[in-house]
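Asks: Let me give you the structure first, and then I'll get to my questions.
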């Protein structure tokens with residue numbers, strides 16, 4: 001019986017695994033919803049569902065909302081942290097915003113409002 005673990009078989013197996021992994025990545029990328037490019041894609045990419053976030057953002061009660069100011073604040077806020085960590089910190093610090101009776105962490109509310117403004 002031939003040796004199963006030859007250098008040739010290992011290289012063929014590794015190459016095949018790389019092809020399958022690459023194909024899986026490309027398929028998931030192609031199936032994902034695509035949006036028109038905006039100057040705020042770095043922020044909006046943090047949202048799982050941009051359309052749902054925009055619906056929430058249209059209900060957020062923020063008063064005056066300047067997109068550029070909000071984006072600068074969000075970029076600084078999310079520079080070295082994840083969205084979930086920023087939301088947890090907002091809740092701990094009492095930075096909460098109301099949207100039709102729902103109470104949201106400020107960072108999420110601003111991000112959803114940004115999605116709503118960009119979509120409009």
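The values are calculated or read from the model by the stated rules, or taken from the named source; none is laboratory data. These numbers come from a predicted model, not from an experiment. Cβ coordinates were reconstructed from backbone atoms using ideal geometry, including for glycine residues, and neighbour counts include every protein chain displayed.
Asks: Enumerate the pairs (first residue in the range 95-120 and free of Cβ contacts under 8 Å to residues at least 24 places away in the same chain; second residue anywhere and surrounded by fewer than 20 Cβ atoms within 10 Å (Cβ to Cβ) and assigned to a loop (DSSP other than H, G, I, E, B)) with beta-carbon separation below 8 Å, excluding pairs fewer than 6 apart on the same chain, so at least 6 apart or on different chains.
Replies: Pairs found: 105/95; 106/95.
Asks: What are the pairs with Cβ atoms under 9 angstrom where one residue, in the range 48-72, is at negative phi and free of Cβ contacts under 8 Å to residues at least 24 places away in the same chain and the other, located anywhere, is exposed (fewer than 15 other Cβ atoms within 10 Å of the Cβ) and not in a helix (DSSP H, G or I)? Sequence gap at least six, or different chains.
Replies: 49/33; 68/39
Asks: Taking residue 22 as meeting all but one of (1) assigned to a helix (DSSP H, G or I); (2) at pLDDT below 90; (3) assigned by TED's automatic domain parsing to the domain that holds residue 104, write down the number of the exception.
Replies: So the condition that residue 22 fails would be (3).
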